[in-house]
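Engineer: Can you read through this structure? Questions will come right after.
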Amino acid sequence: MLSRCHKAGAWLVSRDDNPGPAWEEWKQGRPALLQVGRCFDVIRLPASTIQGVTESAGRESLEWALRYRGIRSAVIVDNTHRWHYALVPPGAVAHSTNGLEVLGRDTCLGIPPPHYWDGPGTYWLMAPPNSEDMLCDPTALRALLKPAELGRPGHQEEP
């Protein structure tokens, strides 16, 4: 039986024409560049936006805020560049809108090894997905961002 991390890695590279280099990078403890738009699309969020909807920037608080809004897996933290990445189903969000920046097919993203659950650098905040069912729901991401958007100057809540 495959471990959960190995299953996640296998799924993440399942539509890659040449998955060998990704596995090699992960064996070395480095993120692997994977093409977005095959197994998943990506929504990129500034770390400050995610941390703005929690009471603290601590991991436990971030995890709780995500789980509370139905996001249970497929979230990456890049502390070096101060981004959070949510993996969503391909085509689920057609374009960047309402505070969501979508990275689509023309993008490669450094995906951390499936067993990297802590920094420094890039790591999984929420479990790596091992199927499309484990990807983030874009509607849940919008709900997560609503409090942060309401705090922006000039933002008016829609009726």
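Engineer: Could you list, in sequence order, all residues of the range 27-37 that are under 15 Å from the mean Cα position of the chain (by Cα) and part of a loop (DSSP other than H, G, I, E, B)?
Structural biologist: P31, V36, G37
Engineer: For K146, work out the one condition from (1) part of a strand (DSSP E or B); (2) at pLDDT below 90; (3) not small (G, A, S) it doesn't fulfil.
Structural biologist: Checking K146 against (1) part of a strand (DSSP E or B); (2) at pLDDT below 90; (3) not small (G, A, S), the one that fails is (1).
Engineer: While we're on this one: Looking only at the range 5-26, count every residue that is surrounded by fewer than 18 Cβ atoms within 10 Å (Cβ to Cβ), touching a residue at least 24 places away in the same chain (Cβ under 8 Å) and assigned to a helix (DSSP H, G or I) and tell me the total.
Structural biologist: 3
Engineer: I'd like the full set of residues that are assigned to a loop (DSSP other than H, G, I, E, B), β-branched (V, I, T) and under 10 Å from C136 (Cα atoms), limited to the range 41-75.
Structural biologist: Across the range 41-75, the qualifying residue is only I71.
Engineer: Mind checking which residues of the range 53-71 are surrounded by fewer than 16 Cβ atoms within 10 Å (Cβ to Cβ) and not aromatic (F, W, Y)?
Structural biologist: Within the range 53-71, E55, S56, A57, G58, R59, E60, S61, R67, G70 meet the criteria.
Engineer: Here's something else I'd like to know. Please work out if G58 is in contact (Cβ under 8 Å) with a residue 12 or more places away in the chain and not charged (D, E, K, R).
Structural biologist: No.
Engineer: What tally of residues in the range 108-120 results from selecting those that are over 14 Å from the mean Cα position of the chain (by Cα) and either acidic (D, E) or surrounded by 15 or more Cβ atoms within 10 Å (Cβ to Cβ) (or both)?
Structural biologist: So the count comes out to 2.
Engineer: What are the pairs, 6+ residues apart or on separate chains, where a residue within the range 119-142 that is touching a residue at least 60 places away in the same chain (Cβ under 8 Å) and within 15 Å of G9 (Cα to Cα) has its Cβ under 6 Å from a residue that is buried (at least 17 other Cβ atoms within 10 Å of the Cβ) and of a type in the set (S, T, Y)?
Structural biologist: Correct list of pairs: M126/S73; A127/S73; P129/S73; M134/S73.
Engineer: Could you tell me which residue of the range 1-16 is nearest to V88 (Cα to Cα), considering only residues that are at pLDDT 90 or above and of a type in the set (D, E, K, R)?
Structural biologist: Looking at residues that are at pLDDT 90 or above and of a type in the set (D, E, K, R), I get R15.
Engineer: Modelled with pLDDT under 95, part of a strand (DSSP E or B), closer than 12 Å to V36 by Cβ and not charged (D, E, K, R) - does that describe any residue in the range 89-107?
Structural biologist: Yes, that holds for at least one residue.
Engineer: Across the range 24-70, what is the number of residues that are among the aromatic types (F, W, Y) and modelled with pLDDT under 90?
Structural biologist: 2
The values are calculated or read from the model by the stated rules, or taken from the named source; none is laboratory data. Since the structure is predicted, the reported quantities are computational estimates derived from the model, not experimental observations. All Cβ positions, glycine included, derive from the backbone under ideal geometry; neighbour counts span all protein chains shown.
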